[in-house]
Amino acid sequence: MEARGSVSGRQDRPRIRFYGLSTCVWCRRTRQLLEDEGIPFDYVYVDLLDDDEREQVMGEVRRWNPSESFPTLVLEGRCIVGYRPEEIKEALRS
Amino acid sequence: MKRGDAIAKSEVEALAVRLTNEAEGAGYHLNPDRDFTLGLVEGLLTNARRYGYQVCPCRLATGNKEKDLDIICPCDYRDADLVDWGACYCALYVGDAVLVGTKKVGPVPERRPPAAERVGNGAARGVVPAGKSLPLPSGLVVALPVWRCRVCGYLCAREAPPGVCPICKAKAERFERFL
C-alpha cells in the first residue's frame, strides 16, 4: 500500500483530503465509500510515513481534528471524523 | 516471517480464535461481524510485526513501547467505551447489545488524550507504573501491595503483579500500584 496518492473521480465533485491508517478497518470502509460515490480524493496513510513527514502531516490533522484520530476527512473547509456514511454523503451533496 | 511478507490467513484466523476464547472466558465478546473482526485481527498482526507489540489497528503508534502501552490491545480505554458506546474504539470488542443485534456499532469518539496531553505511560492520569511505589495515605498500612490491571480493573494483593492478568490477559506491564 502506498503512503500517499490520489484517486480520480467525477469532475463535478469537490476533491477531498483523506487521512487514515493502513491497518484501520474504519478507514478502509471510508475510502471504499468515497470510491463507490466517485469522489476524487487525495489520501495519506500516516502510519506509513517516516518520522519527519509524519510530524508534519499530524500537524495538519490536529488543526482539523484535535483528537488526532482516523479517518479524518477534510472537504471544502470542514472536517468529518470517523466512518459516518450519512454525514459524508450529505456533505458531498451540499 | 519477514516484515514485508503478507500475513497468512491461517495466522489471522488462529489469533481470532484465541482472542475469542479469551474474551468469552472472561465475559467479553469479539465483534460478531466476522470479516470486520478478521480485518482488525490482521491489523493487530501487522502492528505486532511492525512494532513488536499488538497496538490498536485504528490508532497511530509511536513505536516506543512505553508511550504506546495504553493502546496495546486490549487498550486501557476498552471497558469504559464498552459501557458508554457498546463497543471499544476500534469495535473489535462489543457489548451484549451489539452481540445480539439490538444495537449497531457507530464511530466511537477517541477517549485517549492527544499526544501533547499524555504523560509517561501513555495515559494522562498521573498513574504510577508497575514497579514504582505509590505514596500511601498517612497511617495506612498494607500487608501486601495491591496491583490494579489498567485494562479491566482486576485487583490483587501480592508482592508483584501477575505475569498475565487472569481476567483480560493483559501483561504485567499494564498493572499499576493501587495501594
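When the protein assembly as shown is described by a simple charge dipole with +1 on each Lys and Arg Cβ and -1 on each Asp and Glu Cβ, the residue from B:Tyr77, B:Ile167, A:Leu34 located farthest towards its positive end is B:Ile167.
Taking a ≥ b ≥ c as the square roots of the eigenvalues of the Cα gyration tensor, region B:33-98 is classed as oblate, since a/c reaches at least 1.5 and a/b does not exceed b/c. If R0 is taken as 51 Å, the Cβ-Cβ distance between A:Glu87 and B:Arg158 corresponds to a FRET efficiency of 0.55. Applying the Karplus relation 6.51 cos²θ - 1.76 cosθ + 1.60 with θ = phi - 60° to region A:47-52 yields 3J(HN,Hα) values of 5, 9, 7, 7, 3, 5 Hz, where x marks Gly and Pro.
When only the Cβ of Lys, Arg, Asp and Glu is charged (+1, +1, -1, -1), the dipole of the protein assembly as shown relative to its Cα centre reaches about 360 debye.
For a test of the definition: using alpha carbon positions, the gyration tensor, and the 1.5 limit on a/c, classify region A:52-93 as rounded, prolate or oblate. Prolate shape, in that a/c is at least 1.5 and a/b is the bigger ratio.
Ranking A:Tyr19, B:Tyr53, B:Tyr77 by Cβ neighbours within 10 Å, fewest first, what do you get?
B:Tyr53, B:Tyr77, A:Tyr19
Dipole of the protein assembly as shown computed with +1 at Lys/Arg Cβ and -1 at Asp/Glu Cβ about the Cα centre; of B:Leu40, B:Pro109, B:Cys149, farthest Cα towards the positive end is B:Cys149.
Using only Cα atoms, figure out Rg for chain A and give it as a multiple of 2.2 N^0.38 Å.
1.00
Using the Cβ-Cβ distance between B:Ala8 and B:Ala48 with R0 set to 22 Å, the FRET efficiency works out to roughly 0.95.
With Cα atoms as the point set, chain B shows a radius of gyration and Dmax of 17.1, 58 Å.
Where the alpha-carbon atoms of the protein assembly as shown are placed on the principal axes, they occupy 72, 41, 37 Å, in descending order. Beta-bridge orientation, region A:1-64: approximately 45 percent antiparallel, per DSSP, counting only bridges with both partners inside.
As a check on your grasp of the helix formula, calculate [θ] at 222 nm for chain A: sum -39500 (n - 2.57) over DSSP H runs of n ≥ 4, divide by the residue count, round to the nearest 500.
-11500 deg cm²/dmol
Pairs with C-alpha atoms separated by more than 29 Å, drawn from the list A:Lys89/B:Lys67; B:Lys9/B:Lys65; A:Lys89/B:Lys169; B:Lys65/B:Lys169, are A:Lys89/B:Lys67; A:Lys89/B:Lys169.
Comparing Cα centroids, region B:32-111 and region B:154-179 end up 21 angstrom apart. Using the Cβ of A:Asp52 as centre and a radius below 15 Å, the other residues enclosed give a net charge of -4, where K and R count +1 and D and E count -1. Measuring nothing but how far apart in sequence close Cα pairs (under 8 Å, 6+ apart) lie, relative to its length, chain B scores a relative contact order of 17 percent.
Where does each of A:Trp64, A:Trp26, B:Trp147 land when they are ranked from fewest to most other beta-carbon atoms within 10 angstrom?
In order of increasing Cβ crowding within 10 Å: A:Trp64, B:Trp147, A:Trp26.
What does the helix-only formula give at 222 nm for chain B: each DSSP H stretch with n ≥ 4 adding -39500 (n - 2.57), the total divided by the residues, and the result rounded to the nearest 500 deg cm²/dmol? Value at 222 nm, helices only: -8500 deg cm²/dmol.
Read-outs throughout are calculated quantities, based only on the coordinates presented, and are distinct from any laboratory measurement. From a predicted model like this one, the values you see are computed outputs, not experimental measurements. Cβ coordinates were reconstructed from backbone atoms using ideal geometry, including for glycine residues, and neighbour counts include every protein chain displayed.
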